[in-house]
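Written out below as structure tokens is the structure these notes cover.
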Amino acid sequence: MTSTSPLSVIEPDGSVNGHVTSLSKDELMRCYRAMIMVRVFDEICLKLQRSGRIDFSIPNLGVEATQVGAASALRASDWFFPSYRDFGMALYHGVEPVEMMHNMFGNERDTAKGRQMPVHFSFVDPIHFVSISSPIGTHIPQAVGAAYAMQQRGEDTVAICSFGDGGTSSLGFHSGLNFAGVWKSPVVFLCQNNGYAISCPSDEQTASDGYAVKGEAYGIPGVTVDGNDLLAVHQVVADAVARARAGDGPTLIEAKTFRMGGHSTSDDPTRYVPAELVEEWKAKDPVDRFERYLQSRGLVEPDSRAQFHAEARTRIDAAVKEAQAAADPGLETIFSDVYAEIPAHLRAQGQEAYDLAARKGDAAAGDGSFPL
Amino acid sequence: MANLTLIQAVNDGLRTAMSADPTVCVFGEDVGPKGGVFLATEGLTKEFGKNRCFDTPLSEDGIVGAAIGMAMNGLRPVAEIQFQDFIFPAFDQIVSEAAKLRYRSGGQYTAPMVIRTPFGGGIRGGLYHSQSGEAYFCHTPGLKVVVPSTPYDAKGLLIASIQDPDPVLFLEPKALYRKIKGEVPEGEYTVDLSTLRMVREGGDVTVFCYGAMVAVCEEAARTAAESGIETEIVDLRTLLPLDEDGVIEAAKRTGRVVVVHEAPRFCGFGAEISAMIAERCIEYMEAPVARVAGFDTPFPNTLEHHYLPDARRVLDAIERTARY
Amino acid sequence: MQIHDCFVDQTGELSPDFPGYDDAWLNEVFSEMLFVRCVDERMLKLQRAGRIGFVGSMLGLEATMAGAARAMRPTDWMWSGLREGGAALLRGLPLSEYIAQMYCNSMDTAKGRQMCNHFQHKGTNYPSWSSVIGTQITHGVGAAYASKQRGTDEVHTIFFGDGATSSSGFHSGMNFAGVWQAPCVFVCVDNGWAISVPSSAQTASVSYAAKAKAYGIPGFQVDGNDAVAVHEAMAALIGRARAGAGPALLVLRTYRLMGHSSSDDPTKYRDEAEVELWRDRDPILRFERLLTKRGSLPEGGLAGLRARHEATIDAEIHAQEIVDPMPLRSLVEDIYAEVPTHLRRQYNDFLRVAEKHGEAQKGDGAFPL
Ligand SMILES: Cc1ncc(C[n+]2csc(CCOP(=O)(O)OP(=O)(O)O)c2C)c(N)n1
Ligand SMILES: Cc1ncc(C[n+]2csc(CCOP(=O)(O)OP(=O)(O)O)c2C)c(N)n1
Ligand SMILES: [Mg+2]
């Protein structure tokens, strides 16, 4: 029931042993561009953080094929319950980099109104990319609940729920997978085994033989895939999505990949990640590998990468400029969205905050009256 | 004596307790080779071995549940929850189990253990790396809740908590981890739980506070003094069981009270202080008790400096109370 | 590791692999199972008569108790939920304490603080447990870690129901035990039901034993109505853990013949035919058939043995009906090692009212402040 030897399609030289992908040429190119976009977005965020312009970011280097490959197997009408490292899913499906950048800066144009830390995105357009929560695993049963609703309404949409190797130890994983198994929910669980949960190596997280086998505890088939191989990831996710759409229930996918950067910009991975391991994975770079495949099919020119890179850079630089120029959220955003309507006690606290700001001559006070 | 930051004092406290008592074990997420995300446990695995300072899988419920079993069976666990915001998977184990074990077993089984966790805002952590959840836990008989605000207290209270026969939730004000330094004695010493710390004397207004708010209140008190208002500051430092008599005495001394905490106001710790004063010494009061607290909203990110009580807001309350 | 599913079948036939226990051994097991049943029946009667508040019946599960209890050493630990009181009795929890706990009276070692049917016995390492499903699982794992760390050879058996496999404690406990190679045996008593949820609807996994794979732990299952199979499996897995080979999961397939508790009416949600089927698989009947075949039934047969057990139990019940009232101070004691000031104050306030109404006894005096 569990496949533990990872599916792998693209050989180091870019050949595929006759594998026929269901991705069209356009889709392949879209994947390639999205991966490059993720990489550029990631680089720029790291620089912004280093220079103190944003507080925090989550490195994505090395995991692009898993995110983009998975996203490419889903429709825009499907629901995404992402983890904080899933930039690629949003970018592939056409979330504007500037929208993401507003969140990185926590400005007034951020969909979350600057209430969350950076990388905690939330979008309803062009896809349901559900608001990310920092507590690990809480979104897993939520995805199952959303899938239950789809099922009950007879829709053919599915939910994808992505989490890390560490996330499998969370309570949400246990409840979420158990419920999904019992309900045969149209959901795809994507466990991105990127080698570490902060500093805890993935083989100390659990004693099980890999992560896909954990599906068996819930009657859910488990599949293992080479997470640095975009075609392979696309294939297993597409299969799982097809099962889910056909009413055959959930699948647990373990994508074996590697977090090349630190856990976050606050982390120093050299304290605990052996340098050899990083070297080993460098050789398996997912973008290079996919590029060699595209080359083997004659889909890219020698200068395509540079060109796409430059295009991405231009877009993201513009996004940074725009996001940086946007103002901080207004003081009233502390008090709004706590409830559908602002209750009296919060209104009073809001007015107090404005009064104090006005008395102290703080610009945040506006005209001194609580604007909502 | 060494001049240490608060986080260094915590580290020193752990090391001291581990050296003194071989049953003390430290564990949690990333506390091993990495030394904890704030480096509270730095060097402990190296010094005491993997059996005494180690990483666990990513499950707070498992961390606290296992700690209870260890405590019942002769070890002294000191569990770290990486951020207090992530303690809720363990809420059941803390509230239903650790806090009730002695009582429900008629004293036959106990869970002497410490759960250390960084809490509070000030690091741009947004909703989930900033909260002050003490009120949830202060509503839990059987648990002790301790909050240091200086390096000296951090070490002394931590060692006292580890030696205490009851489960202690040790809330570390992470905003102060590296912000303040202070003299910390070498070797073992303890600061008694359930005692108050007089931070500053003053005859006009009494301010009750704890954790990172102590420094904020001190700043406000200095400014108030410039306009002739003398402020007494009391650091509560053990919230449960609280030195209630000490609080009442302090309230009576000035008859004017301000309570300050970062946590939301509604049903917050300030409500307890205020009710206690109303019950036990209302006849001494010259002014209504004023509360300066976080708003009754989740914790914002970009605007956290507006959410957190700052010296301006505390000063405002001190002035209003003094002039009432 | 070879774990046999069954040694004594429903008709009382022995399988060829039967480990060769003699009549004396089999008679002891028979007597133990019957004792547990008699206790259970007596408690249900007391509950019906309004003498005690609540019973979580063990009827039908006697083989799991007798088989497991004798595989443990007194120094081993047993962590449990609602339905292992019988096993605790067989391991040495005194009947007097058992009944005192059911009465929640002043002889109860837990000082009447827990609801009925929440036993403990420090002398045989049977810790207090809470009503909250699954919380004991991580405690057992932590305690097993401590046993290993302290260099003892204690093994921890951790009991829970089929329903509890869905709890967070199960997930964390199994995972931690796998990583730590803790000396413990997880015992899932699959009694068919979690209140009204059938065990087939609790999870989609092919079996409860299969759940162990998710944690790198070996999982086994046996016929939980065969005391010999339970005993052999428990002995093997406890031995394995003691030898340092790590944890295991053992599933005991059995059936809860009564309602979930004395407050539950199972006819609302289950088919009488299913219950009938399992009545025929009754673990005690099975042993009666076996002993009858071997011609080694005790004197007076099952009825004679039952009468002797009941006499013992009745004598103890009488004793427990006449104990002293609970001291009022127990309201605020044992919250902390020492009674803190705020609780002293609260008690003293309460006592003034109690005294006014003549409810205070000698010894219930106020605390010094
Ligand atoms: C409940 C909870 N506990 C702890 C944390 C702190 N924390 C944030 S990320 C992380 C590691 C997650 O590892 P993994 O699931 O493997 O995902 P990855 O970061 O590798 O993508 C931890 C422990 C948290 N966010 N939530
Ligand atoms: C956390 C929690 N949820 C719900 C309950 C209510 N409850 C008590 S027993 C029970 C069913 C337990 O079933 P199982 O684990 O199979 O044990 P059994 O009663 O069959 O021995 C439930 C839902 C509880 N005690 N704790
Ligand atoms: Mg990971």
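Residues C:Phe170, A:Phe56, sorted by accessible area with the largest first, give A:Phe56, C:Phe170 [1.4 Å probe; ligands and nucleic acids excluded]. Hey, any idea what % of segment C:81-131's accessible area is carbon plus sulfur with a 1.4 Å probe? Of the solvent-accessible surface of segment C:81-131, carbon and sulfur hold 54 percent.
In order along segment B:99-113, phi translates into HN-Hα couplings of 6, 10, 4, 4, 5, 6, 9, x, x, 6, 10, 9, 10, x, 7 Hz, rounded to whole numbers, per the Karplus curve 6.51 cos²θ - 1.76 cosθ + 1.60 with θ = phi - 60° and x for Gly and Pro. For B:Val207, the residues whose amide H sits under 5 Å from its own are B:Glu232, B:Ile233, B:Val234, B:Val258, ignoring neighbours fewer than 5 places away on the same chain, with H placed 1.01 Å from N.
The simple spin-label model puts a point 7 Å past each Cα toward its Cβ; for C:Lys122 and B:Tyr284 those points are separated by 4.1 nm.
Only protein atoms count toward the accessible area here, which uses a 1.4 Å probe; on segment B:212-279, the carbon and sulfur part of that area reaches 46 percent. Interface burial in segment B:66-80, defined as at least 50 Å² less accessible area with all protein chains than with the chain alone at a 1.4 Å probe, covers B:Met72, B:Asn73, B:Leu75.
Less than 5 angstrom separates the built amide H of A:Leu7 from those of A:Thr224, A:Val225, A:Asp226, all sequence-distant by 5 or more or on a different chain. Surface calculation, 1.4 Å probe, protein heavy atoms: A:Glu311 sits at approximately 70 Å² accessible.
Magnitude of the charge dipole for segment B:2-184, about its Cα centre and with charges confined to Cβ atoms of Lys, Arg (+1) and Asp, Glu (-1), is about 240 debye. Taking a straight Cα-Cα cut-off under 21 Å and skipping sequence neighbours fewer than 8 places away in the same chain, the lysines within cross-link reach of A:Lys284 are A:Lys256. Accessible surface calculations at 1.4 Å, restricted to protein heavy atoms, place chain B at 31 Å² per residue.
For the pair C:Val353 and C:Ala307, label points projected 7 Å from Cα toward Cβ lie 5.4 nm apart. DSSP beta bridges fully contained in chain A are about 10 percent antiparallel. Computing FRET efficiency as 1/(1 + (r/R0)^6) for A:Glu27 and A:Thr270, where r is the C-beta to C-beta distance and R0 is 41 Å, gives about 0.60.
To the nearest hundred square angstrom, how large is the accessible surface buried between C and B, total for both chains, probe 1.4 angstrom? Buried area (both sides, nearest 100 Å²): 3600 Å². Per residue in segment B:94-120, which ones lose no less than 50 Å² of accessible surface when going from chain alone to all protein chains (1.4 Å probe)? Residues shielded by partner chains are B:Glu97, B:Arg102, B:Tyr103, B:Arg104, B:Gly106, B:Gln108, B:Tyr109.
Per residue, chain C exposes an accessible area of 37 Å² to a 1.4 Å probe, with every protein chain left in place.
Residue by residue, segment C:83-90 carries 3J(HN,Hα) couplings of 10, 10, x, x, 5, 5, 4, 5 Hz when phi is fed to the Karplus relation 6.51 cos²θ - 1.76 cosθ + 1.60 (θ = phi - 60°); x denotes Gly or Pro. Remark: segment B:197-323 carries a charge dipole of roughly 160 debye about the Cα centre, counting +1 on each Lys and Arg Cβ and -1 on each Asp and Glu Cβ.
Binning all Cα-Cα separations of segment A:1-129 at 5 Å, short to long from zero, yields these whole-percent fractions: 2, 10, 18, 21, 18, 12, 8, 6, 3, 1, 0. Return the aspartates and glutamates within reach of A:Lys321: Cα separation strictly under 18 angstrom, same-chain partners fewer than 8 residues apart disregarded; answer none if there are no such residues. Cα-Cα hits under 18 Å: A:Asp42, A:Glu43, A:Asp55, A:Glu96, A:Glu99, A:Glu108, A:Asp110, A:Glu311. The accessible area of B:Thr321, taken with all protein chains in place and a 1.4 Å probe, comes to roughly 10 Å². In loop segments of segment C:221-308 as defined by DSSP, the trypsin sites (Lys or Arg not before Pro) with at most 16 further C-beta atoms inside 10 Å of their C-beta are C:Arg270. Taking 7 Å steps out from each Cα toward its Cβ at B:Asp21 and A:Arg53 produces label points 5.2 nm apart. With a Förster radius of 60 Å, plug the Cβ-Cβ distance of A:Glu301 and B:Ala275 into 1/(1 + (r/R0)^6) and report the FRET value to the nearest 0.05. E between A:Glu301 and B:Ala275, to the nearest 0.05, is 0.20.
The Stokes-Einstein estimate for chain A, based on a Kirkwood radius over Cα pairs and taken at 10 °C with 1.306 mPa s viscosity, is a diffusion coefficient of 73 µm²/s. If R0 equals 60 Å, the separation of the Cβ atoms of A:Glu96 and B:Asp245 corresponds to a calculated FRET efficiency of about 0.45. Taking all protein chains into account, the per residue accessible area for segment A:236-372 stands at 49 Å² (1.4 Å probe).
Partner lysines whose Cα lies under 29 Å from the Cα of C:Lys268, excluding those fewer than 8 positions away in the same chain, are identified as A:Lys184, C:Lys45. Hull volume per residue, based on the alpha-carbon atoms of chain C and their convex hull, is 158 Å³. In the protein assembly as shown, helical runs assigned H by DSSP with n ≥ 4 each contribute -39500 (n - 2.57); averaged across all residues and rounded to the nearest 500, the mean residue ellipticity at 222 nm is -12000 deg cm²/dmol. Put simply, the amide H of C:Ile158, placed in the peptide plane, has neighbours under 5 Å in C:Trp79, C:Val185, C:Phe186, C:Val187, leaving out anything fewer than 5 places away on its chain.
For segment C:317-369, the C-alpha radius of gyration divided by 2.2 N^0.38 Å, with N the number of residues, is 1.30. In the frame of its principal axes, the protein assembly as shown has Cα extents of 94, 88, 55 Å, reported largest first. The HN-Hα couplings worked out from phi for segment C:161-170 by the Karplus form 6.51 cos²θ - 1.76 cosθ + 1.60 (θ = phi - 60°) are x, 4, x, 5, 5, 7, 7, 5, x, 5 Hz, whole numbers, x standing for Gly and Pro. Which entries in the list A:Lys47/B:Lys34; B:Lys174/C:Lys211; B:Lys144/C:Lys148; A:Lys360/B:Lys174 go over 31 Å, if you measure between the two C-alpha atoms of each? Over 31 Å apart, Cα to Cα: B:Lys174/C:Lys211. Measuring nothing but protein heavy atoms, the accessible surface of segment A:100-223 at 1.4 Å probe radius is 52 percent carbon and sulfur.
Accessible area of A:Trp281 (1.4 Å probe, protein heavy atoms only, ligands and nucleic acids ignored): about 40 Å². Solvent-accessible area lost on pairing B with A (1.4 Å probe, both sides summed) amounts to about 3300 Å².
The values are calculated or read from the model by the stated rules, or taken from the named source; none is laboratory data. Because the structure is a prediction, the values reported are computed rather than measured. Positions of Cβ are generated from backbone atoms using ideal geometry, with glycine treated the same way; all protein chains shown enter the neighbour counts. Surface accessibility is based on the protein's heavy atoms, side chains included, excluding ligands, DNA and RNA. Shrake-Rupley method; radii C 1.70, N 1.55, O 1.52, S 1.80 Å.
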